[in-house]
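Take a look at the structure below.
The values are calculated or read from the model by the stated rules, or taken from the named source; none is laboratory data. These numbers were taken from a predicted model, which means no experiment stands behind them. Cβ: placed from backbone, ideal geometry, glycine included. Neighbour counts: every protein chain shown.
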């Protein structure tokens with residue numbers, strides 16, 4: 001067998017000739033690995049991808065007949081597998097980051113507690129008389145007593161009284177929630 005890789009060797013690859021595979025490895029493995037490294041992969045990743053392509057060639061019976069087409073086939077296969085590897089690696093990293101951010105133990109429990117406190121607070125607010133609830137919710141949203149009084153045609157003292165009444169009712173009805181979570185009412 002000659003030292004050059006020729007179209008004859010491509011034909012032998014299609015027939016499963018082991019000497020043709022050795023020659024393929026000898027002539028193309030290093031060059032294809034360097035090509036893969038230039039696409040941003042590590043030495044190990046590059047070697048793995050080229051090895052996968054060689055394994056694919058071992059099982060593939062229909063290979064390009066011409067040497068230039070075969071070389072193009074090899075380089076295109078390496079490029080495509082590298083790009084797929086980079087894409088998949090990036091996806092995995094993104095998914096791992098999202099998973100770590102959303103399901104970290106502390107963050108997970110903090111979200112549960114915050115949601116439960118909010119849910120309980122909404123239930124508490126719904127039990128208040130309508131005007132009392134409206135005034136209290138507006139004060140929670142940052143409205144001043146003066147603004148609430150002006151919008152509802154009430155005195156500022158009435159607004160303050162209603163807000164105090166809401167706080168008192170909420171504390172009395174749900175003392176446990178108040179004690180556990182220390183809600184500032």
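Restrict the check to segment 80-103 and report whether at least one residue is assigned to a helix (DSSP H, G or I), in contact (Cβ under 8 Å) with a residue 24 or more places away in the chain, in contact with a helix residue (DSSP H, G or I) (Cβ under 9 Å, 6 or more places away or on another chain) and over 30 Å from residue 43 (Cα atoms).
So far as segment 80-103 goes, no, none of its residues is assigned to a helix (DSSP H, G or I), in contact (Cβ under 8 Å) with a residue 24 or more places away in the chain, in contact with a helix residue (DSSP H, G or I) (Cβ under 9 Å, 6 or more places away or on another chain) and over 30 Å from residue 43 (Cα atoms).
Residues of segment 56-75 being surrounded by fewer than 11 Cβ atoms within 10 Å (Cβ to Cβ) and in a helix (DSSP H, G or I), which ones?
Residues satisfying the conditions are 59, 68.
Quick one: which helices (runs of 4 or more DSSP H) sit completely within segment 143-185 and have at least 3 residues that are surrounded by fewer than 16 Cβ atoms within 10 Å (Cβ to Cβ) and modelled with pLDDT of 90 or more?
145-152, 156-173
Please go through (1) outside the structural domain of residue 21 (by TED's automatic domain parsing); (2) crowded, with 16+ Cβ neighbours inside 10 Å; (3) in a helix (DSSP H, G or I); (4) without any contact (Cβ under 8 Å) to a residue 60 or more places away in the chain for residue 121 and return the number of the only condition it doesn't satisfy.
Condition not satisfied by residue 121: (4).
I need a count of the residues in segment 42-55 that are over 10 Å from residue 78 (Cβ atoms) and surrounded by 14 or more Cβ atoms within 10 Å (Cβ to Cβ).
5
For segment 10-30, enumerate the residues that are surrounded by 14 or more Cβ atoms within 10 Å (Cβ to Cβ), more than 15 Å from residue 59 (Cα to Cα) and without any contact (Cβ under 8 Å) to a residue 24 or more places away in the chain.
23, 27
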